[in-house]
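Just so it is clear, none of the values below were taken in a lab; they were calculated from the coordinates. What you see is a predicted model, and the numbers here were worked out from it, not measured in a lab. Reconstructed Cβ throughout: ideal geometry from the backbone, glycine too, with neighbour counts over all protein chains shown.
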Amino acid sequence: MHLEVLVEEPSAEAALKELLPKILKSTISFHVVVHGDKGDLLKKLPSRLQGYRAWMPSDWRIMVLIDEDRQDCRKLKFQLERIAREAGFTTKSSARSGRSFQVLNRLAVEELEAWFFGDVNAILQAFPRIPRHLGKKSGYRDPDAIAGGTWEALERILQRAGYFPGGLPKIETARRIARFMNPGINRSKSFQVFRDGLFQLR
């Protein structure tokens, strides 16, 4: 089996190249397709899925991963589901219980960096100067509900520890943290949904 992964930015690609081998069965290969941003992905998604539909082998699957960015997650998910159905695909949400699906639509709530806060130990391993009590602070206990933006929160924490005074390099940071992440213990609910959907590929 092969999985095509459509993402909105290079930092997601960097993280997934570290994470997917830890989650997928060894018999599943994958390729990450990066877009310019979220708007670019959504604009190109209908034609891209229609293109896949015209030639895609029966043992290929597609995952679309985008940031929620504090939008209405139900409306955003509905939009992704509609685009996939109009292209002729069966999504995980529309497949009957126990049946296989071709497209897996997933949202990172609020954004990819929330998944990093879901595994604080990975952040601490990647950046050892960060205080060890980070995960015990009340503001970070629910990774999907961090106030003020998870990207901004991560940048503040790293800069206070003396990292990246000129600004957060998102690709390098994503790769560095994801390398240490343990998908089985992540506390982010949206990461758990992402991970469990991949477990059901067949």
From fewest to most C-beta neighbours within 10 Å, the residues D59, D144 line up as D59, D144
For the table K43/K136; K137/K170; K137/K189, the rows whose alpha-carbon distance is greater than 29 Å are K43/K136
Listed by chain and number, the residues whose amide H is under 5 Å from that of M63, excluding neighbours fewer than 5 places away on the same chain and using placed H, are E4, V5, L6, L104
Kirkwood Rh for the range 1-103 from C-alpha pairs, in Å, is 14.3 Å
Calc'd 3J(HN,Hα), the range 112-117, phi into Karplus 6.51 cos²θ - 1.76 cosθ + 1.60 (θ = phi - 60°), Hz, glycine/Pro = x, comes to 3, 4, 4, 5, 5, 5
Looking only at aspartates and glutamates whose Cα falls under 18 Å of K25's and that sit 8 or more positions away or on another chain, we get E4, D59, D196
With Rg from the Cα atoms and Rh as the Kirkwood inverse mean 1/r over Cα pairs, the range 78-189 has an Rg/Rh of 1.09
Counting every C-alpha pair in the range 113-178, the percent lying more than 16 Å apart is 39 percent
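Quick check: net charge around K43, other residues with Cβ under 12 Å of its Cβ, Lys/Arg +1 and Asp/Glu -1?
0
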Karplus-derived 3J(HN,Hα) from phi for the range 159-175 (6.51 cos²θ - 1.76 cosθ + 1.60, θ = phi - 60°), whole Hz, x at Gly and Pro, runs 5, 5, 8, x, 9, 6, x, x, x, 6, x, 4, 5, 4, 5, 4, 5
